[in-house]
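Everything below concerns the one structure shown next.
The values are calculated or read from the model by the stated rules, or taken from the named source; none is laboratory data. Small disclaimer: the values here were computed from a predicted structure and weren't measured. Cβ placement follows ideal geometry from the backbone for every residue including glycine, while neighbour counts extend to all protein chains displayed.
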Amino acid sequence: MKKYRVGILGATGAVGREMLKILEEYDFPLAELRLLASKRSVGKTIEFKGENYSIEEATKTSFKGLDFVLGAASNEIAKAFSEDIVQSGAIFIDNSSAFRMKDTVPLVVPEINGEDVFSNQGIIANPNCSTIIALMAIQAIHKLSLIESMVVSTYQATSGAGAQGPIELRNQMEAICKNESIEPFVFQHQIVENVIPHIGSFLENGYTTEEMKMQNEGRKILHHPTLKVSCTCVRVPVVRSHSISIDLVTEKHLDLNVVKEAISKEKGCRLYDGPMENVYPMPIVTSNQDLVYVGRIRKSLIHENGISLWCSGDQIRKGAATNAVQIMMKLIGLEI
Ligand SMILES: NC(=O)c1ccc[n+]([C@@H]2O[C@H](COP(=O)([O-])OP(=O)(O)OC[C@H]3O[C@@H](n4cnc5c(N)ncnc54)[C@H](OP(=O)(O)O)[C@@H]3O)[C@@H](O)[C@H]2O)c1
């Protein structure tokens, strides 16, 4: 089997470290693994398959000879290195939002629009984590009937803000137990014993940049330019796994049993819907695995063709690292 030379840009962060786990779990055929981060991380090592790999500082020449670069750094870093990566001949699969809405850049969830990877011109974007989880949950319904609109509320874990997010949550948990004062650094407000309806920056329309991703990225991934989404994104004091409430309206009237059956058969999804037995998706159930769990499926009390549901998924895995590795696998013809 052919082996590939892979670099991770941002290998020390929440997403980068998870990418390493996924490459190991999926036994990805590696000829070389290059771990890149900032100058601060030079001298550190990370273990992969029992071997210690040194972190190298990412520079313009770091990408020479690589087949793929998995991007797990900020928009600024992705923009700073994208030309060097593409010129080196590697394909850049980027987790930041720097290139997601560019016409020349495919934005891909492999189970939904996997074939789009083949139209890349050197860069492929990984969608926003909440967008991936929401679309995975509704994909089966969208195949039964076009989804016209969705009202979405997200409950996003602290690790969605990077490796420092859960550290801030834990520090504040300790501080609150000791009756010490709390000063937020990562989040706008205290996150322990709180929820914060503010992720991203506010736009003129009153929504945030994070909230608009659900509609803008959703339209591109589903090839559905008229999809309407009203989204509220909320940070919650959870370590890992985003949860999402979705009220959607379909073009055709759908039978609820048909909907549940379709979700149960959808690749990458798990129907987890037994409310009478207290069975519904929750972060403690969905963390550290790749499936998006879907439950609380019921008819809307407002719209004739409306369905309400609740889903949870590990946003560092399927919402980021796993999806990026799956894109790479799709490109080289490996089963995802
Ligand atoms: N966390 C999530 O759930 C999630 C989900 C979907 C998408 N994303 C996106 O994925 C990207 C990474 O997020 P994250 O949560 O993993 O962030 P993170 O934990 O803060 O990690 C950031 C990474 O970027 C590296 N970095 C910083 N400055 C650098 C530089 N000058 N040169 C090279 N590398 C540099 C850091 O290295 P040092 O350790 O050396 O500073 C670290 O490895 C972001 O664009 C984020 O929006 C995150």
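Which residue pairs have Cβ atoms under 9 Å apart, sit 6 or more places apart or on different chains, and have a first residue in segment 47-63 that is on the phi < 0 side of the Ramachandran plot and a second that is surrounded by 12 or more Cβ atoms within 10 Å (Cβ to Cβ) and among the acidic types (D, E)?
Pairs that qualify, where the first residue is on the phi < 0 side of the Ramachandran plot and the partner is surrounded by 12 or more Cβ atoms within 10 Å (Cβ to Cβ) and among the acidic types (D, E), are F48/E24; T59/D84; K60/E83; K60/D84; T61/D84; S62/E56; S62/D84; F63/D84.
On the given criteria, is N52 surrounded by fewer than 20 Cβ atoms within 10 Å (Cβ to Cβ) and either of a type outside the set (D, E) or not assigned by TED's automatic domain parsing to the domain that holds T158 (or both)? Give the derivation first.
Details: surrounded by fewer than 20 Cβ atoms within 10 Å (Cβ to Cβ): yes; either of a type outside the set (D, E) or not assigned by TED's automatic domain parsing to the domain that holds T158 (or both): yes.
Answer is yes for this residue.
Taking the condition surrounded by 22 or more Cβ atoms within 10 Å (Cβ to Cβ), in a helix (DSSP H, G or I), away from the ligand (no atom under 14 Å from the Cβ) and touching a residue at least 60 places away in the same chain (Cβ under 8 Å), does I327 pass?
The answer is no for I327.
Kindly list, by first and then second residue, each pair from a residue in segment 1-26 that is assigned by TED's automatic domain parsing to the domain that holds S62 to a residue that is within 6 Å of the ligand (Cβ to nearest atom) and part of a helix (DSSP H, G or I), limited to pairs with Cβ atoms under 6 Å and residues at least 6 apart or on different chains.
I8/G16; G10/G16; T12/S41; A14/S159; V15/A320
Tell me the residue from D94, D103 that is crowded, with 16+ Cβ neighbours inside 10 Å and either within 12 Å of the ligand (Cβ to nearest atom) or free of Cβ contacts under 8 Å to residues at least 40 places away in the same chain (or both), please. Quick ask: steps written out before the conclusion?
On the way: D103 fails: crowded, with 16+ Cβ neighbours inside 10 Å.
Sole residue among the options that is crowded, with 16+ Cβ neighbours inside 10 Å and either within 12 Å of the ligand (Cβ to nearest atom) or free of Cβ contacts under 8 Å to residues at least 40 places away in the same chain (or both): D94.
Out of all the residues in segment 1-16, which are closer than 17 Å to S54 by Cα and either modelled with pLDDT under 95 or surrounded by fewer than 20 Cβ atoms within 10 Å (Cβ to Cβ) (or both)?
First pass over segment 1-16, keeping only residues closer than 17 Å to S54 by Cα: 5-13, 16.
Passing the criteria: R5, T12.
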